[in-house]
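FYI, it's all coordinate maths here, none of it is from the lab. Just so you know, these numbers come straight off a predicted model, no measurement behind them. Cβ placement follows ideal geometry from the backbone for every residue including glycine, while neighbour counts extend to all protein chains displayed.
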Amino acid sequence: MNNKAFSIGKGLKLAIFGTVLEGLLAGSNFFILFQVLELIFGKSITFEDIKRTTLMLGIIFVLRLILYTVSYTKSQIGGALVSKNLRVTLGDKLRRIPLGAFTKQRIGYYINASTSEVADYEQILTHKLADITKYVVLLVAVSLYSAFMNIAVGLIMLVSLLLLIPTIQLSIRQVKKYGKAKNLAREENVSAITEYLTGSQTLRSYGLAGEKNKSLRSSMKHYSNISYQYEGAVVPIGFVYMFLAYVAAAAIIFISVNGVVTGDLSIPEMITINMLSLYSCKVEAALYVSLVAYRNLLISKGKIAGILMENEEVKAKEVINPKHFNITFENVSFAYEKDQAVLKNISFEIPENKITAIVGESGSGKSTIFNLISKYYEPASGRIYIGGEGIGSSSTEMVLSNISMVDQDVFLFNDTVKNNLRFAAPKASDEEIENALKQANCDFVYGLENGLNTLIGENGNKLSGGERQRISVARAILRNSPIVLLDEATSSLDIENELLVKKAVLNLLKTKRTVVMIAHTLPIIQLADQILVVKDGGIAESGTHDELLAKNGAYAAMWQASSKLK
Amino acid sequence: MSNKKEKQGLSLLMKWAGKNKYYIYLSVFLALLASLCGIVPYYIFYRMIDCAVAGSLSAAYGLKLTEALILFTLIRVICNGAASLCSHKGAYNTLYDVRCMVTEHMAKMPMGALNERSIGEIKCVMNEDIEKLELFLAHNLPELVLYLSGPMVIFIWLFTINNKLALLSILPLVFVVLVMIGMFARFFKFMDDINLSAGQLSATVWEYVSGMRLIKAYNMSVSSFRKYSDAIEGQFSMWKAIAGATGPFYAVYVVLLECGILFLVPAGGWLFVNGHITAGVLLLFAFIGTQYLMDIRPLQELSNNLSFALNGVNRVKEILDVPIFEGGVDFPKAHDISLDNVSFSYDGKTMVLKDVNLHIREGEKLAVVGASGEGKSTLIQLIARFYDVTSGVIRIGGVDVRDIKYEELLNNISVIFQNAFLTKGSIYENIAMGQKTTLEEVRKAARAAQIDDFIMTLPEGYNTKVGNFGGRFSGGQKQRICIARAILKNSPILILDEATSAADPENQVEIDKAIDNLCEGKTVIIVAHRLGITEACDRIAVVENKSIYHVAPHKELLDISKYFRKSWLDYTAARSIKYSIKGDKINE
């Protein structure tokens, strides 16, 4: 499958063929010059001969011009096609990667791979692949042609071409070896810079900015030194190769001059051989440069291939079609990273059409429970049921079709207000959409320049935080799915918006669904039908507000603290 | 993209390079030497033909030529290698210097100017844009010398042999330049399309990847994938059009560079047939005269790289051009703050604050409230001189803040934001922040910040590295470490930007206690998000309609400020909402 994604199209192959042909034609100039040489040293050359030669050269030139123009243009188009296919393949692959993989960091990596990495890969591919093929074919042809005149010369040329293989291998090895240290130093440097910038306000007020910040300085210096060391380890390789290539050329001079002296070679042959050998040196230098670029292409290719090989979601075996929407966790354990269990053998029941609130310290595993219900992640052990049907072997899409989510990271599409709602419920009528907006306190949409048809920008960036949250509530109201997961974060809103969002949520709750909410403040959940207190990866307590207060345990302590807050 | 500007950009870079530019110069010199050696193979070739024509070729002479080629190649390769190492040395040293220069400048920049640029943006300048400079210093500059001087040296040599043929050999350049002009003219027509389509592609890819959760939840896979593939298709058809329009020009450029053979063979042949030149000269021109221009081929790529590097220079320059605050008097002894007719505008057009008058007494605890976007944050940013007022004046202890040494000002006003910043160092280092302080003093501050007990439960106590452990601190714990730091620092003026954090109630109670300890005896300005805390403040200032009309204690303010009265009601209402499945429990 991978090879298919990276395969080059017919157009590009044709273009490479054309380029190679063009290169051979360029090489055939030497053949013609050889004819001229024989005439010159045969002492019988006339201007007629020169004219005929020029005509030949002219024909070759025009042919090259046509061939190269067509091939080059075709290779550019072929390259663009490679990009297109790779991006489509990546896009298709991304749909099949489990949602849990879409962390903030990883999202950036995916975006970068689909945009810049593909572009880098294609750039080098279209520019270098044809060149490399052309150079290699040309060099082999030149070696063979020379071998006809003198077998030793031909062999030396071939050897000097073959030397490129260990050279490139060595360079790849050096790049790997020193590149690792360089990457490490770069990462450290980036993180030192990030730390410095994030804390620049604090650092400045403590007089730890600029040159006084020793740790930043030393990390930048270290990176600078390592970068230089890397070049020092990689740069000389190419020059050593160049030297060897010219030593080969020097050896050919020696052999060919001797050949003339002993009478094995004619003077025209000697001259042609040396022309070819010097020309080869030039081509080999160009080939080396292209190969180095090609080596870099492998890095981009590796990143793209890495994504294409990521684990995919398990194919849905079962269709779930629950009649009820209570949610059951049965001995569920989960860890994002090995040895750091977030949930430990946790079991609980979330009743249908009631509110269950989850409380606990930050990092206690509240949002992990949400991630597992939504099937972003699979539990390490244990089972999760919706309406008695296990969700383990059904697809994420199928599970999510029963769930509406209102959470801290509202995501909106770069489309109109209306379409953003309609994505959530494709069959909704305009009235239903307007009603949902009303329920969610979204009257502001009528004040936008084109009302419901206003484009709201990338991720809804033309709206304020409170407005975006209310749109996401409207979406959930319209979608009307049997399960609602609620993680409302009103902390970043001003008081007016906070009230509007909360009232919108109240209207959402009226639809009487199975509601699971993460509670950041306690008073709001006093009337919840069930409260789960999560602590150290387990359920410490559960019950209603009054029951839990009576227990005088963890929840009661939290409540006490909470009532002290102003 | 005028030429003049380009020069300025690159000469500026050389200025930044400082002493390191001698590495670069040395590298250029070595590259020149190398390209001088580069003509040796051709010279040897020429001598060889000459001898062959004269019939004086001997094995000994062949050996001599062989040795000469090896020797000069060795010199050439060493020069090339040394040039490359020198240029890299100079380049990476310069990169380090430029990075230091930027951080140093940022250390003196007004905080506002720093905050305006997103961290991501500066990060990009510090990492990527500065890295671009290496391309120019270590590669483009020496390569430019190499690509230009090589052909030039050969041309001069050819000129001394036969000036007419030498001039003829550069004829292809005329055609090539014409083709290049045609190519760039066509390419520039696509410039807008390229930028637009690239932007569209990345926006679409961003939405597709970031929105994957929703896309799956709403089963939009097919439609959103279509949007994604449409953007890719758009990009493809644009590049196809560009390839069709400019590809032929580039191809013609490449091949035309070798068209000299078409003039040199007949012209040289005519001269030879008529006895004006030797066979050696004819061959020299037929071979080298037609090849040497090929060396300038990479120049076309170079021009792209050059504008790339230049772009880096300009991005760095943008930061270095931000004016800095320097000089001034010591921080005053008195710590009352007064704003007289203060107005402020970010862009010089829309006023964000207008005619604000406010006096904050020394030791007073003042809350600032107001709807978002009314200018609360701007107000405190002006007091801490993140920006300078557009008109009016802000005084601390009677001294205009603009006259106080900026470093002193930052040092004496502690600004505490909701996002806690910790370095990777130990907890001790994070609280002491570079001051020479005993552990006992640090612990005292930590105790006041309600965090000492927790730190002592850690296996390594105050020596615990935040870098290794950071993920396991809760938001509330991090915040309290920051408060301990501020307690130890003991600056007379405090600005708190207090948002209801996501800390759980027990942690929040501790944080509140810590903040109370911190505020003791200080002049405190609190941007209040939780209106509840305003009751404990001496006075409350309401920012509305870009100014302050009401400053009063809580009770009094409820009477005089309509905005505050409504907010207080909203606040009480929001706090008393209780979610229930019946959805109607709201205690007004």
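Could you give the length gained on full extension between residue B:419 and residue B:400, defined as 0.36 nm per residue of separation minus the Cα-Cα distance, in nm? The partial results should precede the final answer.
Values: separation 19, 0.36 × 19 = 6.84 nm, distance 2.97 nm.
Length gained, residue B:419 through residue B:400: 3.9 nm.
Residue separation times 0.36 nm, minus the C-alpha to C-alpha distance between residue A:296 and residue A:432: what's the value? Mind dumping the intermediate values first?
On the way: separation 136, 0.36 × 136 = 48.96 nm, distance 5.46 nm.
Gain on extension, residue A:296 to residue A:432, equals 43.5 nm.
What value in Å³ per residue do you get for the convex hull of the alpha-carbon atoms in segment A:1-155? Don't skip to the end; give the middle numbers.
Working: hull volume 20.6 nm³, N = 155.
With only Cα atoms used, segment A:1-155 gives 133 Å³ per residue.
Length gain on complete extension for the stretch residue A:48 to residue A:535, per 0.36 nm per residue less the alpha carbon to alpha carbon distance? Could you put the intermediate results ahead of the total?
Details: separation 487, 0.36 × 487 = 175.32 nm, distance 9.90 nm.
The residue A:48-residue A:535 span can extend by a further 165.4 nm.
Within a straight-line Cα-Cα reach of under 17 Å, residue B:562 can be paired with the following lysines, leaving aside sequence neighbours fewer than 8 residues apart in one chain: B:546.
Using only the C-alpha atoms, the convex hull of segment A:2-308 corresponds to 172 Å³ per residue.
In this simple spin-label approximation, residue A:563 and residue A:282 carry label points 7 Å from Cα along the Cα→Cβ vector, and these lie 9.2 nm apart. Dimensions of the protein assembly as shown from C-alpha coordinates, computed as largest minus smallest value along each principal axis and given longest first, are 117, 75, 57 Å.
In this structure, the residue pairs whose Cα-Cα separation is over 31 Å, taken from B:15/B:240; A:104/A:502; A:303/B:123; A:338/B:465; B:21/B:465; A:551/B:578, are B:15/B:240; B:21/B:465.
Using the Cβ-Cβ distance between residue B:517 and residue A:455 with R0 set to 41 Å, the FRET efficiency from 1/(1 + (r/R0)^6) comes to roughly 0.25. With a cut-off of 20 Å on the backbone N, the residues of segment B:126-145 near the modelled label site 7 Å out from residue B:19 along Cα-Cβ are B:138. Simple spin-label estimate for residue B:64 and residue A:383 gives 9.5 nm between the two label positions (7 Å along the Cα-to-Cβ direction from each Cα). Note on B:474-484: average number of Cβ atoms from other chains within 10 Å of each residue's Cβ is 1. So for the pair residue A:152, residue B:440, with labels modelled 7 Å out along Cα→Cβ, what separation do we get in nm? Each label point lies 7 Å from its Cα, and together they span 9.0 nm. Pairs exceeding 20 Å between alpha-carbon atoms, taken from B:333/B:365; A:10/A:128; B:376/B:566; B:216/B:582: B:216/B:582.
Here is the P(r) of segment B:330-425: all C-alpha pair distances, binned every 10 Å from 0, give 14, 46, 31, 8, 1 in whole percents.
May I ask for the equivalent-ellipsoid semi-axes of segment A:409-480, computed as the square root of five times each C-alpha gyration tensor eigenvalue and listed largest first in whole Å?
Values: eigenvalues 51, 31, 28 Å².
They are 16, 13, 12 Å, listed largest first.
Evaluated at q = 0.16 Å⁻¹, the base-10 log of the normalised Debye intensity for segment B:337-576, with identical point scatterers placed on the Cα atoms, takes the values -1.16.
Quick one: work out Rg over Rh on the C-alpha atoms of segment B:163-276, Rh as Kirkwood radius.
Details: Rg = 25.1 Å, Rh = 18.2 Å.
Result for segment B:163-276 is an Rg/Rh of 1.38.
Students often get this wrong, so check it: of A:427/A:512; A:13/A:51; A:282/B:189; A:176/B:19, which have C-alpha atoms separated by over 27 Å? Write down the numbers at each step before the final one.
Details: A:427/A:512 21 Å; A:13/A:51 37 Å; A:282/B:189 36 Å; A:176/B:19 32 Å.
Over 27 Å apart, Cα to Cα: A:13/A:51; A:282/B:189; A:176/B:19.
Peptide B:566-575 shows a mean partner chain C-beta count of 5 within 10 Å per residue C-beta. Packing around the peptides B:150-157, A:272-279, taken as the average count of other Cβ atoms within 10 Å per residue, puts them in this order, highest first: A:272-279, B:150-157.
How shielded is A:66-74 by partner chains, expressed as the average number of their Cβ atoms within 10 Å of its Cβ atoms? So the per-residue partner count for this stretch is 5. Shape index of chain B: Rg/Rh, with Rg the Cα radius of gyration and Rh the Kirkwood radius from the inverse mean 1/r over Cα pairs, equals 1.15.
Which parts of segment A:476-518 would a label at residue A:353 reach, counting a residue when its backbone N lies under 11 Å from a point 7 Å out along Cα-to-Cβ? Once the point is set 7 Å along Cα→Cβ of residue A:353, A:512-514 turn out to lie under 11 Å by backbone N, inside segment A:476-518. Partners of residue B:489 within straight-line reach, counting aspartates and glutamates whose Cα lies under 16 Å from its Cα and excluding those fewer than 8 residues away in the same chain: B:407, B:408, B:429, B:440, B:441, B:516, B:520.
Under the combined filter of DSSP loop state and at most 14 neighbouring Cβ atoms within 10 Å, segment B:355-417 retains none of its chymotrypsin sites (Phe, Trp or Tyr not before Pro). Note on residue B:192 and residue A:59: with the Förster distance fixed at 30 Å, the Cβ-Cβ geometry gives a FRET efficiency of about 0.10. Once the Cα atoms are used to define both axes, helix B:21-37 deviates from the longest principal axis of chain B by about 20 degrees. Qualifying trypsin sites (Lys or Arg not before Pro) in segment B:413-459, where qualification requires a DSSP coil assignment and no more than 13 other C-beta atoms within 10 Å, comprise B:436. Here residue B:457 and residue B:569 are evaluated by their C-beta separation; at R0 = 45 Å the FRET efficiency comes out at 0.55. Among the chymotrypsin sites (Phe, Trp or Tyr not before Pro) in segment B:484-565, none sits in a DSSP loop with a Cβ that has at most 11 other Cβ atoms within 10 Å. The fraction of all Cα pairs in chain A landing in successive 20 Å bins from 0 to the largest distance is 15, 34, 27, 16, 8, 1, given as whole percents.
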